[in-house]
Amino acid sequence: MASAARREGPVAGGLVGLDLGEGRRGADQRCLSLGHAPRAPRVPGRFFGTEQRVLHGAAGPLRLAHALAPHPEGAEGVDGGAATLQARLLESRVAVQEELRFVALVVARAGHEGDEEQREATHGRGLAGPGGWILSCAPRRLRAVSPVPLHGLTCDAVRALARERVGRGHGKARDIYRATLREGRFDPASHGLGEAPARRWREVFGFVLPEVVQEVREEGPTGVTAKAVLRTPDGLEHECVNIPMGRGRHTLCLSSQVGCKMGCAFCETGRMGLLRHLRAHEIVGQVLVARHVLGWEVRNVVFMGMGEALDNADAVLAALRVLNDPSGMAMGQERITVCTVGHLRGLRQLREAGFKRLNLSVSLNTPDDVRRSELMPVNRKTPLRELQAELAAYRPRRNFTLGVNYCLMPGLNDTREDAAGVAAFCAPIERVMLNVIPYNPGNAPLTRAPTEDEVEQFIGWLRDEGLPVRRRVTKGRSVMAACGQLGNAELRARRRGLPTLR
Ligand code: SF4
């Protein structure tokens, strides 16, 4: 029997891999999918639209699994898996098979060589791996090794996958999908299915919500601001915040990444760096947990939690489709706001996705290129002129109004000239709404919070320039739930030893 190292050989630049998480036998199995690209990826470290690392030769399968960087939505995760990847390939209709030859590997501990189905899939081939692990190999074929998160798919995608893989009972797809997304409970048996089809549904689809680690609350004049710390199955924490908007309405502030690589100087999350992107079902999972586990009323959602949403555009767009799906949560696009620091590639993806009624806001924070580059490193790559041109071209509908967020920081961006500069930046953009957000000092403050008089004065100057302005009332500052305060030292400490996306 060939050794795993010999079988894998020194992995050439074109061989890339996905860590698909645990197999059916939990910790006794690790599932990898390896693909061979005849050409090396054009952008090193990026492959197939996801961030991955090219594998390096001598790594054994376990070290290999741990060496793999996590990657966005669909293709990886303890409750994701090859089926998700397969669904994604089918959905995308990309003729990847012509370019790539995928090999699904099931890495199992000796004595757990997989079940009948897996043995059949692997054509009985097994390779001894280091540390008593067995590699099973299924060339040219992706095998479903763990359930696909149902809440990361639209109803149409669930129906298609159910038709293909559930067989008897697939006709209940719409009912099961609607009930799961609206009630936060995945129970195929309650839809009149027999034991075997219900079990098959559970084999094909999974529904695992993040664990609630902590909930903190702050009472305010408009209601309670609540922050929840959630933990993914692979142990990474992220946060979401429910903000009272008056008249009993609440907006849920969602995270799109664990950490963030944008490095904005005024932001706690930026100080964490990026641990990994959240996948579509993990983004949707925050809304489900808020509603059905924490009992929060959620009317609107805004992508202003941890992470730059458009740096994880694939997963965020997939999550938007799920949130908006009339057969599921049916959340209107006008109730969803995506916020960005000005991620050009993501903005273009968003524009091409064709969400006509979605809200978009951009964090400007200063109209001066030099200072913006200091405060927001993204500006070094995308200076204000380029950002302005992109935003002026973003008009998904005739009456679209772009939100422009301005975090007011005393001594850094609060002069009369700054207000005039903001007006000049907004001039070519047809309709804007300025949102002035008083700075919330975090653990390493850049400056103090502005006084009420300073905020009012700056708003007055903006109005003098003819700009419509809304003032954001600070909520949740005492529990580190306000804008720019998400993420904490404990989360940062856990970053050590974890793989980092570049
Ligand atoms: S403000 Fe947003 S984009 Fe900037 S570091 Fe914080 S989370 Fe990232």
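The values are calculated or read from the model by the stated rules, or taken from the named source; none is laboratory data. Nothing here was measured: the structure is a model prediction, and the numbers come from that model. Positions of Cβ are generated from backbone atoms using ideal geometry, with glycine treated the same way; all protein chains shown enter the neighbour counts.
Is one or more of the residues making up the range 328-343 within 13 Å of the ligand (Cβ to nearest atom) and surrounded by fewer than 20 Cβ atoms within 10 Å (Cβ to Cβ)?
no
Residues to consider are CYS240, CYS264; find the one that is buried (at least 16 other Cβ atoms within 10 Å of the Cβ), in a loop (DSSP other than H, G, I, E, B) and either out of contact with any Lys or Arg (no Cβ under 7 Å at 6 or more places or on another chain) or not polar (S, T, N, Q) (or both).
CYS264
Going by the conditions given, is ASP325 among the acidic types (Asp, Glu), away from the ligand (no atom under 14 Å from the Cβ) and within 11 Å of the chain's Cα centre (by Cα)?
So ASP325 fails the test.
What helices (runs of 4 or more DSSP H) completely inside the range 114-194 contain at least 3 residues that are modelled with pLDDT under 50 and outside the structural domain of LEU320 (by TED's automatic domain parsing)?
116-121
Of the residues VAL301, VAL287, which single one is of a type in the set (Val, Ile, Thr), within 19 Å of SER361 (Cα to Cα) and either outside any helix (DSSP H, G or I) or not assigned by TED's automatic domain parsing to the domain that holds THR180 (or both)?
Just one listed residue meets the conditions, VAL301.
Please determine, by comparing only the residues of the range 269-310 that are within 11 Å of the ligand (Cβ to nearest atom) and surrounded by fewer than 24 Cβ atoms within 10 Å (Cβ to Cβ), which one is nearest to MET329 (Cα to Cα).
Among those that are within 11 Å of the ligand (Cβ to nearest atom) and surrounded by fewer than 24 Cβ atoms within 10 Å (Cβ to Cβ), it is GLY273.
Six or more apart or on different chains, Cβ under 7 Å: which pairs go from a residue in the range 446-464 that's within 19 Å of VAL422 (Cβ to Cβ) to one that's of a type in the set (Asp, Glu) and surrounded by 16 or more Cβ atoms within 10 Å (Cβ to Cβ)? Could you list them?
Between residues of the range 446-464 that are within 19 Å of VAL422 (Cβ to Cβ) and residues that are of a type in the set (Asp, Glu) and surrounded by 16 or more Cβ atoms within 10 Å (Cβ to Cβ), the close pairs are PRO450/ASP414; GLU454/ASP414; PHE458/ASP414.
Which condition number does SER255 fail, the rest of (1) more than 16 Å from the ligand (Cβ to nearest atom); (2) hydroxyl-bearing (Ser, Thr, Tyr); (3) in a loop (DSSP other than H, G, I, E, B) being met?
With (1) more than 16 Å from the ligand (Cβ to nearest atom); (2) hydroxyl-bearing (Ser, Thr, Tyr); (3) in a loop (DSSP other than H, G, I, E, B) applied to SER255, the lone miss is (1).
Suppose the filter is closer than 16 Å to VAL341 by Cβ and free of Cβ contacts under 8 Å to residues at least 40 places away in the same chain; does ARG398 pass it?
No.
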